[in-house]
Structure formats: C-alpha cells, structure tokens
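Visitor: Structure in structure tokens, see below.
The values are calculated or read from the model by the stated rules, or taken from the named source; none is laboratory data. Keep in mind that this is a model prediction, so the values were computed, not measured. Methodologically, a virtual Cβ is constructed for each residue, glycine included, from the backbone with ideal geometry; neighbour enumeration extends over all protein chains shown.
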Amino acid sequence: MPQTFDVCIRGAGVVGHTLALLLARERLRVALVGSSAPASGPDVRAYALNAASRQLLESLRTWPDAIHACPVLQMQVRGDQDGALDFDAASQGTEALAWIVDVPALETRLSEAVRYQPQVERVTAPVAAPLTIICEGRASQTRAELGVDFEVMPYAQHAIATRLVCEQPHGYTARQWFAQGSILALLPLEGHNGHEVAVVWSVPAEQAAPLLALNDDAFSQAITEASQGALGTLTLHAARSAWPLQQAQAERWCGPVLHHGQPSAESWVLAGDAAHNVHPLAGQGLNLGLGDAQALARTLSQREDWRSVADVRLLRRYERERKAALLPVGLLMDGLQQLFSRPEAPLQALRNWGMNSFERSGPLKHWMARRAMGSH
C-alpha cells in the first residue's frame, strides 16, 4: 500500500528537521525531502542560539553536547570611536546570554533524532501531501515556482565566516566591533580549551574578494588588527566562506496549491530563510527560523477538530503571528546596519553617542537584552 503523508517538508536543514520532529510529536505523518549526508567540504557555520531556541531543541533531545554549545557569559560591543556596550549573564539573572552552537554538530543530532522517529520518512523528491512546508533557504526554488514575491533589499556587504585560534582565552565573551562600514564578531567556542572563536565578518562588498584572496597569515594579521588585539594574535584555523548580505521577506507566507489555475485542497506555507532574511549582526537568523518552526507546529496542533492541516485560514494565523514577531527585529537590524555602514563624521558621532546612551539606559537595556535572549 502506498505511504500517505499529512505533511511534506521541502528542505532538510535545521528548521526543516526541527519541524519534522515537532509535527511527528503531534502524530502527523511527515515526509522530509533532503539528504541526511553531511555537506561536502569543511563547514565553519556557528550560530548564536538564545534560551528559547535551546529550550525547544532540548525538548526534542537534540541540543548538542557541551563541547559543541559554548555559553556566552559576557558580550562586548565597540563602536568606531568611543561607543561601548557591555552585557553580562549575571546582571540578567541567567546562566548565559546565548550559546554559540556548532551547526554541523546540531545537524547531526537532528538527523539522528529523525532516523529514530517512525512518523518521519526521508524522501529524495517531493511527495503528495495536504500541506507542503517550504524550508529550502533564501534561494528557495519552490517559492519561486509558486510565484511568491520575495522582496529583497541587498546590502553592500558580504559576510566572511571562519574559525580562529586566539592567543588569549576568550573568557566566554562574545566580542563585536563596528568600524568603517564593517562589523566583526568573534564568538567563543569550546574547542582548544577556550582559545577558539567563530568569526562572522561583515565587510563592504568590494573588500570581500581581496580579503578572501589573502594567504592564511595575511588574513590572520588583518583580523587581529580589526579586533584591536583584544585576544592577542589570531591564527586561521579553518577554511573561509563568504556570501552576500540582504534583508528580505516573502509577501505571502501561505496559500493554496493551484492546479490548472484553480485552488486545490492542498496548501503550502513558508518557514525559516525561505520566508525571511535579516542581517547577521545580532545573530537572530536561526532563532527566528526556530521560532517559525515552533509557532507553525503549535498552530497545527491547536487547530479545531474539523480543520485540515491544509486550511489556509489556519495557516494565516501562523503568518500573522510570525510577521508581527519579525517586524521589530527586521527594523532594528536594518536600522543598525544602515547607521553603522555610513562613514560620515556626524553619523559616527551620533551612533557612538547612541551606544553610550543605551549603555546607561538601565531598564531599556535590560528589556532589550531579555528579548534578544528569548526571555520576553
């Protein structure tokens, strides 16, 4: 007898795997399109996950081992003059501001969980199901085939990611510098006994290729200088990867599948980077994607008995909730990127004054920190 599914998830990244496990927990039959094989070549991705994301992944028993999930106990942000912001977990009454998670390790845990979940079946191509969830990333082919407008605002920046070994221990501190149109983040990792960091360096687009062309020693020297020697001499420890940065959002996040131009009983819905992109300067991208997964799974599980998982009115509840959650984050990330990418002296003074004022703001700073941690 042919296998029947309630949901087909297109895209087997972190968000797709998480959704598959959440929906399986609700006794839905899930087809997950994509390979479980690790990506070819070195993978240097490391993302900052907040407390809400950790709680979600722990509920699925997929949180990585401690060696692959480094707590951030402090965060230091420096402007291009005297602007400074400092956060610490103790003042927020929490064990960590965030965790820097090794993405390949997280993907391995998720893949193992799916392998032992009988409600989820891996498939190599899309299959028929009442609901198709699209988690294919920002370049989603399925979204394009559905004719969904993806409103993209490109930034004149590229992100460079890699790993470094630092001369001085990072002290479980995340560090970020805004300088001359670039944003450098050094994120603590557990490897090398506290002497390893993940790098996300957002640079003007015209600087990306020359930096990637540098030999390892010259690149290490460049990033040591950009970090103002805060961790001593930095040594390249992994391959470098780069990608263009953008802010984007799909105009529609759900709708009926059309057959011969007419709505059918099947529907589609977007989640993760297929629905939205933000600048990585605050490390919220994957947190937003996991928030999508949790909200969509909750919406489907709380549906009225007479509603199908493909009911577009139901899916629009999820769309409204997540667009509302995304709006302030998108506005903040875009505003900060625009402010710190401009070289004009008056704007330099304004942004550094703003950082120092925010540092002294007390309750506002605490409230913003709690939101970033996923503790609303």
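Visitor: Output the number of residues of region 99-137 satisfying the condition of being in contact with a Phe, Trp or Tyr (Cβ under 8 Å, 6 or more places away or on another chain), within 26 Å of Asn287 (Cβ to Cβ) and among the charged types (D, E, K, R).
Guide: Summing the residues that are in contact with a Phe, Trp or Tyr (Cβ under 8 Å, 6 or more places away or on another chain), within 26 Å of Asn287 (Cβ to Cβ) and among the charged types (D, E, K, R) in region 99-137 gives 1.
Visitor: Could you list, in sequence order, all residues of region 285-317 that are part of a helix (DSSP H, G or I) and of a type in the set (D, E, K, R)?
Guide: Start the filter on region 285-317 by keeping residues that are part of a helix (DSSP H, G or I), which leaves 285-301, 312-317.
Hits for region 285-317 are Asp292, Arg298, Arg313, Arg316, Arg317.
Visitor: Cβ-Cβ distance below 6 Å, separation of 6 or more or different chains: which pairs start in region 113-136 with a residue that is within 19 Å of Leu290 (Cβ to Cβ) and end on one that is in a strand (DSSP E or B) and charged (D, E, K, R)?
Guide: Within 6 Å, the pairs are Ile134/Arg10; Glu136/Arg10.
Visitor: Can you tell me how many residues within region 261-284 are under 16 Å from the mean Cα position of the chain (by Cα), not acidic (Asp, Glu) and not in a strand (DSSP E or B)? It would help to see each step written out before you state the result.
Guide: To start, the set of residues in region 261-284 that are under 16 Å from the mean Cα position of the chain (by Cα) comprises 270-284.
From what is left, the residues that are not acidic (Asp, Glu) are 270-272, 274-284.
Then keep just the ones that are not in a strand (DSSP E or B); that gives 271-272, 274-275, 278-284.
The number of residues fulfilling the criteria is 11.
Visitor: Could we say that Gln168 is among the polar types (S, T, N, Q), part of a strand (DSSP E or B) and touching a residue at least 60 places away in the same chain (Cβ under 8 Å) here? Can you show your working first?
Guide: Working: among the polar types (S, T, N, Q): yes; part of a strand (DSSP E or B): no; touching a residue at least 60 places away in the same chain (Cβ under 8 Å): yes.
No; evaluated as a whole, the condition is false for this residue.
Visitor: If a residue has to be surrounded by fewer than 17 Cβ atoms within 10 Å (Cβ to Cβ) and of a type in the set (D, E, K, R) to count, how many in region 139-165 make the cut?
Guide: We begin by selecting, within region 139-165, every residue surrounded by fewer than 17 Cβ atoms within 10 Å (Cβ to Cβ); these are 139, 141, 144-145, 147, 149, 151-154, 156.
From what's left, of a type in the set (D, E, K, R): 145, 149, 151.
Residues meeting the conditions: 3.
Visitor: Now, a different point. List the number of the failed condition for Gln168; all other conditions in (1) more than 20 Å from Val278 (Cα to Cα); (2) surrounded by 16 or more Cβ atoms within 10 Å (Cβ to Cβ); (3) not hydrophobic (A, V, I, L, M, F, W, C) hold.
Guide: (2)
Visitor: Search region 173-189 for residues being more than 20 Å from the chain's Cα centre (by Cα) and farther than 12 Å from Ser227 by Cα, and hand back the single one that is surrounded by the fewest Cβ atoms within 10 Å (Cβ to Cβ).
Guide: Among them, the one singled out is Gln180.
Visitor: Are there strands (runs of 3 or more DSSP E) fully within region 221-260 with at least 2 residues that are over 30 Å from Ala129 (Cβ atoms)? List them. Don't jump to the end; show me each part of the working.
Guide: Details: elements: 234-236, 241-250, 254-259.
Here the list reads 234-236, 241-250.
Visitor: Answer with yes or no whether Ala297 is under 14 Å from the mean Cα position of the chain (by Cα) and under 30 Å from Arg27 (Cα atoms).
Guide: Numbers: under 14 Å from the mean Cα position of the chain (by Cα): no; under 30 Å from Arg27 (Cα atoms): yes.
Here the answer is no, as Ala297 does not meet what is asked.
Visitor: Say whether the condition of being modelled with pLDDT of 90 or more, among the basic types (Lys, Arg) and crowded, with 20+ Cβ neighbours inside 10 Å is met by at least one residue in region 307-327.
Guide: yes
Visitor: From (1) of a type in the set (Lys, Arg); (2) surrounded by fewer than 13 Cβ atoms within 10 Å (Cβ to Cβ); (3) modelled with pLDDT under 90, pick out the condition that doesn't hold for Arg351.
Guide: Only one criterion in (1) of a type in the set (Lys, Arg); (2) surrounded by fewer than 13 Cβ atoms within 10 Å (Cβ to Cβ); (3) modelled with pLDDT under 90 is unmet by Arg351, namely (2).
Visitor: Being over 19 Å from the mean Cα position of the chain (by Cα), under 20 Å from Asp6 (Cα atoms) and among the hydrophobic types (A, V, I, L, M, F, W, C) narrows it down to one of Ala66, Ala84, Ala129, Ala89, so name that one.
Guide: Details: Ala66 fails: under 20 Å from Asp6 (Cα atoms); Ala84 fails: under 20 Å from Asp6 (Cα atoms); Ala89 fails: under 20 Å from Asp6 (Cα atoms).
Going through Ala66, Ala84, Ala129, Ala89 in turn, the sole match is Ala129.
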